[in-house]
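See structure below.
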Number of protein chains: 4
Amino acid sequence: MEDLIIDKASPATRTIAAVKKSTMKALVYYAPGKKSWQEQPKPVIKETTDAVVKILKTTICGTDLHIMKGDMPEVASGRILGHEGVGIIEEVGSSVSNFKKGDHVIISCVTSCGKCSFCKKGMYSHCENGGWILGYMIDGCQAEYVRIPYADNSLYPIPAGADEEALVMLSDILPTGFECGVLNGQVKPGDTIAIVGAGPVGMAALLTSQFYTPAETFGATHIINSAKENAIEKIKSLTDGKGVDTAIEAVGLPATFELCEEIIAAGGHIANIGVHGKSVVLHLEKLWDRNISITTRLVDTVTTPMLFKTVQSKRIEPKKLITHRFKLDEMIKAYDTFEHAAREKALKVLLEN
Amino acid sequence: MEDLIIDKASPATRTIAAVKKSTMKALVYYAPGKKSWQEQPKPVIKETTDAVVKILKTTICGTDLHIMKGDMPEVASGRILGHEGVGIIEEVGSSVSNFKKGDHVIISCVTSCGKCSFCKKGMYSHCENGGWILGYMIDGCQAEYVRIPYADNSLYPIPAGADEEALVMLSDILPTGFECGVLNGQVKPGDTIAIVGAGPVGMAALLTSQFYTPAETFGATHIINSAKENAIEKIKSLTDGKGVDTAIEAVGLPATFELCEEIIAAGGHIANIGVHGKSVVLHLEKLWDRNISITTRLVDTVTTPMLFKTVQSKRIEPKKLITHRFKLDEMIKAYDTFEHAAREKALKVLLEN
Amino acid sequence: MEDLIIDKASPATRTIAAVKKSTMKALVYYAPGKKSWQEQPKPVIKETTDAVVKILKTTICGTDLHIMKGDMPEVASGRILGHEGVGIIEEVGSSVSNFKKGDHVIISCVTSCGKCSFCKKGMYSHCENGGWILGYMIDGCQAEYVRIPYADNSLYPIPAGADEEALVMLSDILPTGFECGVLNGQVKPGDTIAIVGAGPVGMAALLTSQFYTPAETFGATHIINSAKENAIEKIKSLTDGKGVDTAIEAVGLPATFELCEEIIAAGGHIANIGVHGKSVVLHLEKLWDRNISITTRLVDTVTTPMLFKTVQSKRIEPKKLITHRFKLDEMIKAYDTFEHAAREKALKVLLEN
Amino acid sequence: MEDLIIDKASPATRTIAAVKKSTMKALVYYAPGKKSWQEQPKPVIKETTDAVVKILKTTICGTDLHIMKGDMPEVASGRILGHEGVGIIEEVGSSVSNFKKGDHVIISCVTSCGKCSFCKKGMYSHCENGGWILGYMIDGCQAEYVRIPYADNSLYPIPAGADEEALVMLSDILPTGFECGVLNGQVKPGDTIAIVGAGPVGMAALLTSQFYTPAETFGATHIINSAKENAIEKIKSLTDGKGVDTAIEAVGLPATFELCEEIIAAGGHIANIGVHGKSVVLHLEKLWDRNISITTRLVDTVTTPMLFKTVQSKRIEPKKLITHRFKLDEMIKAYDTFEHAAREKALKVLLEN
């Protein structure tokens, strides 16, 4: 494609030694159900704290499907989607000091300015100048290039020789499962935990819960209303009627959250990860005296450095979550696969440039 | 009264130097709305770990009113109510080693065996052999004498010269406000907190929140549906639209809990103290990404020693919560006053023997 | 042996249907270097909270060797040593409710009354009525029977089918390595840790540190003065000059503690486990601005239930620490082996009844 | 002064409408014992993340006296001292977004880049690009103007109407006393604490310890070797022989640190604040089984926002620490007063522009 552009260029242009690419391919959202893998302007540095990153590997998140379904009408038509990936620094703004052209980086799904009151307390998700904006409020990673604001705080370095496939999981799902599920759920050695939901984030919670060596991990994967009674009974019987120490909700539906209310032990923790579109019923008439905690959280990605160390030292292998691999140019096919995750037995699809 | 009994005794009995009282006066619950201040058998040691305590001062709790209203049908007819008080040890079982006859003690509302798995982790409220049973499952403190199981763990010593009126507040409301409200609400220096509910437990939360030096404490005291909007708006405007760091629910109604959901800041904590009879609506569609915690707790009274030290060193004056004083024999009158707390401007009523 | 005694008994005694054994074999300490495996009176219930336990398996601790060397002159001549073991309840006092004759139990090295101020805050090591007394201030476990005070709080139940060899490690070394080393050392996923000392407790720290998934664990096992420089250099070079996040001292010598001071990273934690006989030099002139913590701790055994769950669920295999097995009657031989641990390559020796 | 310079300028210079001041007065350190209040070049923006701040109020720290005594030979001759103050933003670099010319700010003694691994975990003291450099490695605040690197992270906004005298205490001594002493010392409601050292930082620890409502606070202010025995005895007798829950060392000498070792209760915390020039003796032979923690810390100033809120809400009045007030031009006189703090009964001296 770039060749074509250059071929059509005037002789004057040809004389320029290094012709800069000025367009790229990207996945553009137009409206619910309408997307296109198409030519777009290549992003450029806008602020001195920006970096432009060439995407090496990216993926598709359940949230991207929500956007495609129209669940997030705030997403503008023409937006490039995607908030996960690893890449190579193409260019940095004048204030960026942690990275330089050629560095390999993990792109965090959460943009952090590092200097607002929320960032200073490690709550990057609520960054006054960032938060989750990538592939949502600003153009994202399902493209050949992406502009990353506040690059020093929003990118993480990848040393030579690291397994970059595994590190794509560090953009979002691993910190999400770990922070919102495992840390908020206060998993401790010897605990019993239930993970309600077996999608990528539920599996990431399962993987990272192992950091704290629970005794037993139950999965409640195919919960439907008719089966609910059984899931509760089964978990209760497996825990001598006590329920689980930690219940991690990784679905986002009233039925699955309310299941967590029923299986939680006295003194236990319900850690919500799911993105909920509706309110749920909180049975305080049963729970007021049960000494439980319920937490919500948008991932802060504040544990990315910790998670990176565990991946580098092979203590977890997040690569196992990748079920399908595509070329970056096969983006539409990859979406099709992920949209039929159950049929395709897909957890995470990987797209490589 | 006891004199009369002795007067009527046979000469043989009269020869016994110290005739033991075998009956006492107590507040007996019969049925919703039916109670009596009447002669009852004086309690005796049943287990080697028991103590019998002569009540010096006791009080009436909102929970007692709930029982009287019939909200707790599990309470047996004939039960002596009351779970708060200070007294003098009358007799101890053979295994009791922390106390002896004549010691002054605080009676904890929660009975703790000290040797089950819950007690070992400081969760006395769920003690497998105790928990909240006093004046509920076993006879309680609104009487001249009370039997306290597991006395070594369920009573706290009062040194000579302590202000015993203040210490009655340590039986229940101070640890309840502190543990369920302040500790679970993670109050920190400089925080803004809202206490929803201005009854005795809400006031206890207010008093003990001062241990952690919040910057601002808002009270939402007269919340009714029609006024709800205003309370929210007012708190939001007082916090620059952010909401409060900690919201303590000390009422037990859906409207007040849901108010807490609306005024909580991102990263904040809703600490429920209220006894709820109905489920509430949890707006996860608004809260899932707000990084909040919601906690429930039946008081463990695990902080009683800490609270005792703060009272002894005059760092708080819980005595201020006492609005009315009665003789123990005026129990029915005290109930009448407390049942009309709003009219009588009553917070805590104190009954003295 | 018991039969012989009975045979010699007078006819009057013979008429008793069930002649109770009244003596047992035990390891008695007399003076530094002087011990004997000999007949002793079998222990009896002294307090209502006592249990007498028949030893099934026991072991020898480094501390026992210290006593034998005379490092602990406070140990009385005639004392039965040993503070580790599993056994069967032989008899319980009238107040014991958690156990009954025939129950299999883990004996905790720390005796906890469950009702003093230290026990109530989980600091059993400083129990006002117990602490470490077994095989030290009172007769211990290197015997056929042992009396355990405060049995409800100082014993832990073993369900049928559990691996009792592994559970002997729960009496002391596993909670010691875990509480004093791993918990106090605040080991976190991805951390680098150094364990200085490769004896049984150091190995227990190594095993239990895995609960928190450190990235790298270094061992400094054969540290002698001449080699000290190299150990420091090696660890520094392995950590890019930063030092380790957690250094666990499991020896008890000035040289090894001071080694920890040199290898600790800024923000790191030195967790002392070693029993020290001398003061050490604390280089505050280097450390005052390094944001480190140093902790000391006598094991509280407050994590025994947690550790039990991890052993039961096969998350750790403490049995691997057992290098030698003996019959209980081979006690002297077992001591000889353990006294020459280096030569014998012994970590833990197991004695079975 | 500036006028003189302009007066001497050539007519060409005079034609410039707004002649920028290019020099200022500053306290310059030359060598141990040699300093001068003299004309220096006014600082200018060097990096896009810098701000130049006009000093409104500043002060002198004990550390400045250490530098003057030659205890810190790493300080270059010609260095402007001072790391505390409030001021007005004079100019900001192009990347600074939190502040603009005219904003009133607190200058933190610790410079934080906000984007290195230490800053990301709130350990600003060890910032790879900052830390304590102000008035030490780079020119400081005892001047009319100061350049502040990483202004967005190293300055804190002062709203209109705030008491700026009080806020000078937030540059260093309040966070130092609070973070290194109170937080590291884990002060809790009802605790007993001893603050060893009654200089400004000790007093700041005293003030901020009140945030957590200790029961008793002991001060050991005039400790000399001969008096040491008495201090220990007195504190022991005041605590029923137990010692204190928290001992805060705010002197920096072996004798005072070792005093803390003697007065600490089992389970207690020794929090070192003092700057030590020599090693101390750590009596592990007494402390190994006492379950204590010892911490060191260079202030991170990570609590400045929290402290600010407590000052704004009048929960503490750090202004009380100011004993002497001078004009900025009286710098030498102020040094003279502070160098004779005992004689002058000086805690903090304030210099105002």
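Got a sec? Which residues in the range D:68-100 would a label at D:Thr48 touch, if it sits 7 Å along Cα→Cβ and we count backbone N under 15 Å?
Within reach of a label on D:Thr48: D:92-98.
How many square angstrom of accessible surface are buried between C and B, both sides summed, with a 1.4 Å probe and rounding to 100?
Counting protein atoms only, the buried area is about 1100 Å².
Might you report the magnitude of the Cβ-based charge dipole of the range D:130-252 about its Cα centre, with Lys and Arg at +1 and Asp and Glu at -1, to the nearest 20 debye?
Here the size comes out at about 380 debye.
Can you give the net charge of the other residues whose Cβ lies under 12 Å from the Cβ of C:Ser77, counting K and R as +1 and D and E as -1?
Working: positive: C:Lys34, C:Lys35, C:Arg79; negative: C:Glu74.
Combined, the nearby Lys, Arg, Asp and Glu give +2.
Relative to 2.2 N^0.38 Å, what does the C-alpha radius of gyration of the range D:236-353 come to as a ratio? Two decimals please.
Relative to the rule-of-thumb radius for its length, the range D:236-353 sits at 1.38.
C:Ile193: net charge of surrounding residues, Cβ under 14 Å, Lys/Arg +1, Asp/Glu -1, itself excluded?
My count for the surroundings of C:Ile193 gives 0.
So if I take the centroid of the Cα atoms in the range B:127-142 and the same for the range A:319-346, what is the distance between those two points in Å?
Here the answer is 59 Å between Cα centres.
Which one of D:Cys116, D:Cys180, D:Cys61 has the biggest mean-square fluctuation once chain D is modelled by GNM with Cα springs under 10 Å?
Of D:Cys116, D:Cys180, D:Cys61, the most mobile in the Gaussian network model is D:Cys116.
How large is the dipole of the range A:199-326 about the Cα centre if only Lys and Arg carry +1 and Asp and Glu carry -1, each at its Cβ, rounded to the nearest 20 debye?
Result for the range A:199-326 is approximately 680 debye, rounded to the nearest 20.
Mean residue ellipticity at 222 nm from the helices of chain A, using -39,500 (n - 2.57) per DSSP H segment of n ≥ 4 over the full residue count, to the nearest 500 deg cm²/dmol?
It comes out at -6500 deg cm²/dmol, rounded to the nearest 500.
Over every pair of different alpha-carbon atoms in the protein assembly as shown, take the mean of 1/r and invert it; report that Kirkwood radius in Å. Walk me through the numbers on the way to the answer.
Values: mean 1/r = 0.0285 Å⁻¹.
For the protein assembly as shown, the Kirkwood estimate is 35.0 Å.
Which of C:Ala231, C:Ala247, C:Ala151 moves most in a GNM of chain C, Cα contacts under 10 Å?
C:Ala231
On alpha-carbon atoms, Rg over Rh for the range C:48-95 using Kirkwood Rh? Walk me through the numbers before you get to the answer.
On the way: Rg = 13.7 Å, Rh = 12.6 Å.
Taking Rg over the Kirkwood Rh, I get 1.09.
With contacts defined as alpha carbon pairs under 8 Å and 6 or more residues apart, what's the relative contact order of chain A in percent?
16 percent
Quick one: Kirkwood hydrodynamic radius for the range C:127-281, alpha-carbon pairs, angstrom, one decimal?
On the way: mean 1/r = 0.0590 Å⁻¹.
So the Kirkwood estimate lands at 17.0 Å.
Suppose every Lys and Arg Cβ carries +1 and every Asp and Glu Cβ carries -1, with no other charges. What dipole size does the protein assembly as shown come out with about its Cα centre, to the nearest 20 debye?
20 debye
Ignoring ligands, DNA and RNA, how do D:Lys35, D:Lys278 rank by accessible area with a 1.4 Å probe, largest first? Could you put the intermediate results ahead of the total?
On the way: D:Lys35 55, D:Lys278 140 Å².
The most accessible residue leads, giving D:Lys278, D:Lys35.
So, R0 is 45 Å and r is the distance between the beta-carbons of A:Lys345 and B:Leu238; what FRET efficiency does that work out to, to 0.05?
That gives a FRET efficiency of 0.25.
Over the range D:11-162, what is the relative contact order in percent, taking alpha-carbon pairs closer than 8 angstrom and at least six residues apart? Walk me through the numbers on the way to the answer.
Numbers: 355 pairs, mean separation 41.6, N = 152.
Reported as a whole number, the value is 27 percent.
If Lys and Arg each add +1 and Asp and Glu each add -1, what is the summed charge of the other residues whose beta carbon sits under 13 Å from the beta carbon of A:Glu165?
Here the count lands on 0.
Quick one: accessible surface of C:Asp245, probe radius 1.4 Å, all protein chains present, in square angstrom to the nearest 10.
We get 40 Å² for C:Asp245.
Calculate the mean, over all residues of peptide A:106-119, of how many other protein chain Cβ atoms lie within 10 angstrom of the residue's Cβ.
Taking the mean over all residues of the peptide, I get 3.
Taking a label point 7 Å from the Cα of D:Met137 along the Cα→Cβ vector, which residues of the range C:271-298 have an amide N closer than 18 Å to it?
Once the point is set 7 Å along Cα→Cβ of D:Met137, C:286-291 turn out to lie under 18 Å by backbone N, inside the range C:271-298.
Setting aside same-chain residues fewer than 8 positions from A:Lys348, which lysines have a Cα under 16 Å from its Cα?
Here the lysines satisfying the reach criterion relative to A:Lys348 are A:Lys57, A:Lys319, A:Lys320, A:Lys327, A:Lys333.
Can you tell me what the convex hull of the Cα atoms of chain A projects to on average, as an area in nm²?
Spelled out: convex hull of the Cα atoms, projected over all directions, averaged, 19.2 nm².
Among C:Val182, C:Val281, what's the order by accessible area (1.4 angstrom probe), most exposed first?
C:Val281, C:Val182
Taking chain B as a Gaussian network, Cα atoms linked when under 10 Å apart, which of B:Lys242, B:Lys286, B:Lys42 shows the biggest mean-square fluctuation?
Of B:Lys242, B:Lys286, B:Lys42, the most mobile in the Gaussian network model is B:Lys286.
Can you tell me the FRET efficiency between A:Ser97 and D:Ser22 if r is taken as the Cβ-Cβ distance and R0 is 22 Å, rounded to the nearest 0.05?
0.15
Which distance in nm do the two modelled labels at A:Ala160 and C:Asn230 give, with both placed 7 Å along the Cα-to-Cβ direction?
3.0 nm
What does the average come to when, for each residue of peptide A:290-302, you count the partner chain Cβ atoms lying within 10 Å of its Cβ?
Counting other chains' Cβ atoms within 10 Å and averaging over A:290-302 gives 6.
How many Å² of accessible area per residue for the protein assembly as shown, probe 1.4 Å? Please list the in-between numbers first.
Values: 54580 Å² over 1412 residues.
Per residue, the protein assembly as shown has an accessible area of 39 Å².
Just reorder B:Phe99, C:Phe308 by solvent-accessible area, largest first, 1.4 Å probe, all chains present. Let's see the in-between values first.
Numbers: B:Phe99 15, C:Phe308 40 Å².
Listed by decreasing accessible area, they come as C:Phe308, B:Phe99.
If you project the alpha carbons of the range D:156-197 onto the principal axes, what extent comes out on each, in Å, largest first?
38, 21, 14
For A:Lys278 and A:Ala76, calculate 0.36 nm times their separation in residues minus their Cα-Cα distance, and state this gained length in nm to one decimal.
This chain segment gains 70.4 nm when fully extended.
The values are calculated or read from the model by the stated rules, or taken from the named source; none is laboratory data. It should be emphasised that the depicted structure is a prediction, and the values quoted were computed from it without experimental measurement. So basically every Cβ, Gly included, is an ideal-geometry build from the backbone, and we count neighbours across all protein chains shown. All accessible areas refer to the heavy atoms of the entire protein, side chains included, with ligands and DNA or RNA removed. Shrake-Rupley method; radii C 1.70, N 1.55, O 1.52, S 1.80 Å.
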